[in-house]
Amino acid sequence: MTTRVGIEAFGFYVPHLYLSLDTLAERQGSDPAKFSRGIGQEKIALPAHDEDVVTLGAEAARPVIERCGTDGIDTLLFATESGVDQSKSAGIFAHALLGLPANCRNVELKQACYSATAALQLACGHVMRKPRARVLIIAADVARYDRGSSGEPTQGCGAVAMLVSAVPRIVEIEPVSGCYTEDIMDFWRPNYRRTPLVDGRFSALRYLHGLVRSWTDYQAGGGRPYGEFAQFCYHLPFSRMAEKGHGHLARQAGAEADMTRCRPGMVYSRQVGNCYAASLYLALISALENTRDDLAGRPVGLFSYGSGAVSEFFSAIVQPGYRDNLPADRHRKLLRARTEVTYETYLDLRDIPDPQDGGTALIRPAARGRYRLEKIDDHKRHYVDTGR
Ligand code: COA
């Protein structure tokens, strides 16, 4: 019997603070329509000082673990490009917070916004070989750009957790995929910098190029024809990028670009901003939770892009009963129940705790979730489970 493999459960987390892009536009003296229409974003999700990719990732994974238990989870893959340590995986901190079994491998993966897709493909391969195994993937990032830079309005943060198993209750991942790697400098962050260096317009062009090349490779590998897809989900640095990608792909396929087949995937991202590795999977959750038609049995096309650059196009089949396995109400409530911050608070939140001398930084409680960064002491990060 062939093993079916895919996503058994999804979780998404965004912290409770955000900056409205209208506020940023006002302070920058820009037209708010440039952000709302030109780049297609409304809000920037912001982490409090006691939140980072570890706490966001653990928050995203907690409902998955509560729902599905830990049986069979033998691997945790943590996908991020805003990790908290150059050596230790953020996944080890998350593993402890979540109380996962000790007989579990654990590694952090990085390739800009693409790494969660590598994690997903590796997880599928592992489950094919060992069908009783389950893999927990956590994709979490905090996207911060220089103040006043063109990337600033595209900032955001968030985390997605996915449990990959041979019981794909939400989507089955199909084996055909198309890949494309090229060595370019469109977005990168040297070890000594907190914010990336980015050639934004160049990266947008390479995104479109990577989309065509990975689609072509997907087709050459026996992929589905364009017309079969019920929805397309794209990596979302900002939602207009995906609209451009959707039009570009349609032209490549000789088809009409039907925007109703990509817009449901953008609903959450407009409210959150870029969350790098998590962004494509936030788009998939958004498409599943915001497409009115029943998608059961229908294919969804997924395009992953990580600057530097790696692109991958692949497909998933939505499973019968997927709606019963998605916590859509929880996700909508999370997005609704947030607090808007002033521009001054936004500036303060950019100043993350940084005791480079090895001193003690006690961090004021602000996170609304269950997990928080309590202090950094002697260069060690201490996380707590508040039990909330
Ligand atoms: N009302 C409506 N739309 C407006 C507008 C206004 N007042 N002013 C500008 N716009 C439109 C522009 O026409 C443009 O649309 P188009 O691309 O369809 O022509 C869009 O808003 C963006 O304007 P632009 O001047 O190109 O923005 P920018 O150069 O300041 O920033 C990026 C755009 C992509 C370069 C920037 O967001 C960035 O650096 N992002 C980070 C990197 C990134 O996300 N890369 C994507 C691939 S991963």
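Mind checking which strands (runs of 3 or more DSSP E) fall wholly inside region 105-213 and carry at least 2 residues that are crowded, with 23+ Cβ neighbours inside 10 Å and away from the ligand (no atom under 16 Å from the Cβ)?
134-143, 156-165
Residues of region 250-268 being surrounded by 24 or more Cβ atoms within 10 Å (Cβ to Cβ) and in contact (Cβ under 8 Å) with a residue 40 or more places away in the chain, which ones?
Taking region 250-268 as the starting set, the residues that turn out to be surrounded by 24 or more Cβ atoms within 10 Å (Cβ to Cβ) are 262, 265-266, 268.
The answer is 266, 268.
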Task: Selection count, region 224-271, where residues are within 14 Å of the ligand (Cβ to nearest atom), over 29 Å from residue 46 (Cβ atoms) and in contact with a strand residue (DSSP E or B) (Cβ under 6 Å, 6 or more places away or on another chain) - done: 0
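This table checks each residue for (1) within 23 Å of residue 283 (Cβ to Cβ); (2) under 20 Å from the mean Cα position of the chain (by Cα); (3) assigned by TED's automatic domain parsing to the domain that holds residue 62.
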| residue | (1), (2), (3) |
| --- | --- |
| 158 | yes, yes, yes |
| 162 | yes, yes, yes |
| 177 | yes, yes, no |
| 187 | yes, yes, no |
| 190 | no, no, no |
| 198 | yes, yes, no |
Open item on the list: I'm told residue 356 meets every condition in (1) buried (at least 19 other Cβ atoms within 10 Å of the Cβ); (2) of a type in the set (S, T, N, Q); (3) not in a helix (DSSP H, G or I) except one. Can you identify the failing condition by its number?
Closed with: (1)
Open item on the list: Which condition from (1) more than 16 Å from the ligand (Cβ to nearest atom); (2) modelled with pLDDT under 95 is the one that residue 28 breaks?
Closed with: (1)
TODO: Any residue in region 198-221 that's in contact (Cβ under 8 Å) with a residue 60 or more places away in the chain and farther than 14 Å from residue 250 by Cα: show its pairings with residues that are within 11 Å of the ligand (Cβ to nearest atom) and part of a helix (DSSP H, G or I) at Cβ separation under 7 Å, as long as the two are six or more apart or on different chains.
DONE: 207/241; 207/245
TODO: For residues that are over 30 Å from residue 137 (Cα atoms) and within 16 Å of the ligand (Cβ to nearest atom), tally how many sit in region 11-25.
DONE: 4
Open item on the list: On the basis of being away from the ligand (no atom under 16 Å from the Cβ) and not in a strand (DSSP E or B), does residue 66 make the cut?
Closed with: yes
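The values are calculated or read from the model by the stated rules, or taken from the named source; none is laboratory data. All values derive from a computational prediction rather than experimental measurement. Every residue, glycine as well, gets a Cβ built from its backbone with ideal geometry; the counts of neighbours run over all protein chains shown.
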